[in-house]
1. Condition test on residue 50, is it free of Cβ contacts under 8 Å to residues at least 60 places away in the same chain and either in a helix (DSSP H, G or I) or loosely packed, with under 15 Cβ neighbours inside 10 Å (or both)?
2. Return yes when residue 100 is touching a helix residue (DSSP H, G or I) at 6+ places or on another chain (Cβ under 7 Å) and either surrounded by 17 or more Cβ atoms within 10 Å (Cβ to Cβ) or not assigned by TED's automatic domain parsing to the domain that holds residue 142 (or both) and no when it is not.
3. Which members of the stretch 112-135 meet the condition of being touching a residue at least 60 places away in the same chain (Cβ under 8 Å) and crowded, with 20+ Cβ neighbours inside 10 Å?
4. Looking at the stretch 23-47, which of its residues are within 21 Å of residue 120 (Cα to Cα) and assigned to a strand (DSSP E or B)?
5. Tell me, which residue of the stretch 1-33 that is closer than 21 Å to residue 142 by Cβ and free of Cβ contacts under 8 Å to residues at least 60 places away in the same chain is surrounded by the fewest Cβ atoms within 10 Å (Cβ to Cβ)?
6. Looking at residue 108, is it outside the structural domain of residue 32 (by TED's automatic domain parsing) and farther than 25 Å from residue 67 by Cα?
7. In this structure, is residue 92 surrounded by fewer than 16 Cβ atoms within 10 Å (Cβ to Cβ), outside the structural domain of residue 134 (by TED's automatic domain parsing) and at pLDDT 95 or above?
8. Quick one: residue 122 ticks every box in (1) more than 26 Å from residue 15 (Cβ to Cβ); (2) out of contact with any strand residue (DSSP E or B) (no Cβ under 6 Å at 6 or more places or on another chain); (3) at pLDDT 95 or above except a single one, so which number is it?
């Protein structure tokens with residue numbers, strides 16, 4: 001029987017809760033299971049580590065420290081920006097928006113400035129996961145090369161129509 005290891009495709013159902021309150025922050029219940037390529041940094045660090053060696057049908061519960069989840073809260077990632085930077089958008093506390101630096105949450109709004117937080121919403125928190133392993137299979141070479149799962153539950157690449165051959169870079173500075 002196969003077990004979760006690097007370069008395997010794992011299919012799992014999970015529920016993530018905050019250990020202090022029991023509040024569910026995410027779950028695949030009532031959705032399709034999560035499918036991921038093990039060992040390719042698609043998951044938070046501790047999640048894969050805790051599942052290594054698990055087999056199909058196993059149910060695993062574990063609690064991760066913030067360092068093994070979304071990291072500690074970084075106060076330098078909280079910034080004040082002028083309200084005018086939002087253009088047509090009227091910022092409101094709780095909004096999550098995207099910028100060139102990545103996603104951020106609006107945490108306070110004043111007349112002339114907005115406080116934004118680039119930390120992940122779960123940064124600084126321990127997380128508990130209940131995971132059921134649904135399926136494990138070997139990743140194919142293309143999945144390993146691309147660093148993600150293909151097909152159902154993964155990435156489906158568009159088929160490209162054949163056209164003129166493209167020039168390959170040959171390290172002579174002319175591509």
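The values are calculated or read from the model by the stated rules, or taken from the named source; none is laboratory data. Predicted, not measured: the structure shown is a model, and the values here were computed from it. Methodologically, a virtual Cβ is constructed for each residue, glycine included, from the backbone with ideal geometry; neighbour enumeration extends over all protein chains shown.
1. Judged against the criteria, residue 50 is not a match.
2. no
3. Within the stretch 112-135, 127, 129, 131, 133 qualify.
4. Those that are within 21 Å of residue 120 (Cα to Cα) and assigned to a strand (DSSP E or B): 24, 25, 26, 27, 34, 36.
5. Only one residue tops the list, namely 6.
6. Taking the combined requirement at face value, the residue satisfies it.
7. yes
8. (1)
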